[in-house]
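For reference, the structure discussed in these notes is given below.
Read-outs: derived from the displayed coordinates by stated rules, not from any lab. Here the structure is a predicted model, which is why all the values come from computation and not from measurement. In this analysis, Cβ positions are derived from the backbone assuming ideal geometry, glycine residues included, and neighbour counts consider all displayed protein chains.
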RNA sequence: GCCCCCAUCGUCUAGAGGACUAGGACACAGGCCUUUCAAGCCUGCGACAGGGGUUCGAAUCCCCUUGGGGGCACCA
């Protein structure tokens, strides 16, 4: 990393924006961009603005708006201005700002910074084809930029459709601008296009809409994804053409696939082992990640609070965040670390809190309604038993499902009921002895069950682990379970004895 | 193909010319603890992409090479 101490503060109120387009669910990388903007705003007494860039009617996805708002709120990134909260600089939907864009497009034309282009899609396509065939740089040849007044009048009279293009000026110059995370960046104008600002349907493209809105909304710092870096000079030139004070630009590093190959795509991300990892925030929510863990995790991609802390609060992040401490290099999505972090946060939760968060996940996992689950007595006392055994909320259900079986339990592998270094007959006898001992236990509780079983192991001449392994499988139908004594205490004597009996029956044919 | 950006353990990162025998975390391996599985604790493995400069001194500044990423739409 190169040494950076780039100027990133300017003498005006901090106003930053997150400007997603409702063309799909909230992407995990977009969420990170939103988070950085929010962190910066909160750390500088600024405003965090949410603007919806819905100028592409073809790509509009119906419920994506709701998904984006819900995702931001889930993460705790409440916006100060925008949809559902309003603000002084609205409207915050670009689809409601059309007259503003046409007005400024006209202004550019009137001042010689833009022109109407009547070229057909066919002409553009064949132009491109020729350029590719001749291995030339592809791009618009500025045909309409040099139309005479008569030619222009002719087209207008004919009512030909047109787009408005920006007139890059000078066409052989260069533009240098300052990026707050990378420093000086220079681009030759010969590489820039006379980009379309207004489409033939009258709607603006991103370049026009974003610049106009950023200025009108008095955005002070533009922190956005790396993908915009090559077109940033266009924004700079646009600000200059309008004569507006430019904001501070900061381009955030892209997030790569977990295997480090290519950016995390819109549809799926691939892990080092070839498996795929979700890319939408909603999938992580559904997978049972905690918002506080996700917040912490996202903060750690492309930025770090210091050299030693991995786990920190939003308050600490706000206090420490600065644009020039953003790492410019692309980062592979560290999925394993998310899983670990989520486990950390789960362990830090108090039991009641975790219980409430667990209800919907466990209910769904075992096929009960949330109301039914809330009414069951087993989940709450089981929380401390699984707290340090789960890394996401969804992992609880398979671990606890045996608690929610009221009828007879089945053993997929009856042989698992045979104790270590024991015969089936010996195991059967141990099961019977356990049943006898537990049935006469005066008090049904963790301590008494533990004393009883430990003594029984001695009586039977078995190692404690041998006996407990048999009982564990008998009661939970699994070799791995939460701690056994607590588990029995929660399960209750009746169901425990029932299962001990079922286990005996399952073992009988093997002895 | 052209342009732009980036380059420290497998991965996320600390590093602002001397405090570097390059630090932390995840993952991985081993050990302790232990009723299974976890959690926790301890230990280990493991990197400055390569080559030239500048300097008394370079992970750090410059150049080249290589590698990786992004962008080249009437999408954002």
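Its Cα gyration tensor gives the stretch A:1-99 an equivalent ellipsoid; the semi-axes, largest first and in whole Å, are 25, 17, 14.
Give me the Debye-computed log₁₀ of I(q)/I(0) at q = 0.12, 0.17, 0.23 Å⁻¹ for the stretch A:397-511, equal point scatterers on Cα only, no solvent, two decimals. Calculated log10 I(q)/I(0) at the listed q: -0.35, -0.74, -1.44. Relative protection proxy for A:464-472, A:386-394, A:450-458, A:268-276, from highest mean packing down: A:464-472, A:386-394, A:450-458, A:268-276 (other beta-carbon atoms within 10 angstrom). Relative to the current alpha-carbon distance between residue A:121 and residue A:85, full extension at 0.36 nm per residue lengthens the span by 8.9 nm. When the Cα gyration tensor is reduced to axis lengths a ≥ b ≥ c, the ratio a/c is 1.5 or higher for the stretch A:224-313, and with a/b above b/c it is classed as prolate. Between the Cα long axis of helix A:493-507 and the first principal axis of chain A there is an angle of about 80°, rounded to the nearest 10. Angle of helix A:98-110 to the longest C-alpha principal axis of chain A, folded into 0 to 90 degrees and rounded to 10: 30°.
Legend: calculated FRET efficiency, residue A:231 to residue A:340, from the Cβ-Cβ distance at R0 = 41 Å, rounded to 0.05, equals 0.65. In summary, the stretch A:305-430 shows an alpha-carbon radius of gyration equal to 1.54 times the 2.2 N^0.38 Å reference for compact globular proteins.
A straight chain from residue A:374 to residue A:311 at 0.36 nm per residue would run longer than the Cα-Cα distance by 19.5 nm. Relative to the longest principal axis of the Cα atoms of chain A, helix A:335-348 runs at roughly 60 degrees.
Altogether, the Stokes-Einstein calculation at 37 °C and 0.692 mPa s, with the Kirkwood radius of the stretch A:80-148 over Cα pairs as Rh, returns a diffusion coefficient of 212 µm²/s. Here the Kirkwood formula, the inverse mean of 1/r across different C-alpha pairs, assigns the stretch A:292-367 a hydrodynamic radius of 14.2 Å. Pairwise Cα distances in chain A exceed 37 Å for 48 percent of all pairs. Taking every DSSP helix (H) stretch of at least 4 residues in chain A, weighting each as -39,500 (n - 2.57) and dividing the sum by the residue count yields a mean residue ellipticity at 222 nm of -13500 deg cm²/dmol. Taking the three principal axes of the alpha carbon atoms in the stretch A:52-201, the coordinate ranges are 54, 43, 33 Å, sorted in descending order. One chain, two ends: residue A:263 and residue A:429. Fully extended at 0.36 nm per residue, the span grows by 53.7 nm beyond their Cα-Cα distance. Each of the peptides A:16-27, A:350-361, A:126-137 was scored by the mean count of other Cβ atoms within 10 Å over its residues; in descending order, highest first, they stand as A:16-27, A:350-361, A:126-137.
Which log10 I(q)/I(0) values does the stretch A:194-275 give at q = 0.22, 0.24 Å⁻¹ under the Debye formula, counting every alpha carbon as one identical point scatterer? Normalising to I(0) and taking log10 leaves -1.01, -1.12. Sorted on the mean count of surrounding Cβ atoms within 10 Å across their residues, most packed first, peptides A:367-373, A:177-183 read A:177-183, A:367-373.
Taking R0 as 25 Å, what FRET efficiency do you get between residue A:216 and residue A:66 from their Cβ-Cβ distance, rounded to the nearest 0.05? Each step should come with its number before you reach the end.
Details: r = 26 Å, r/R0 = 1.04.
Working from the Cβ atoms, E equals 0.45.
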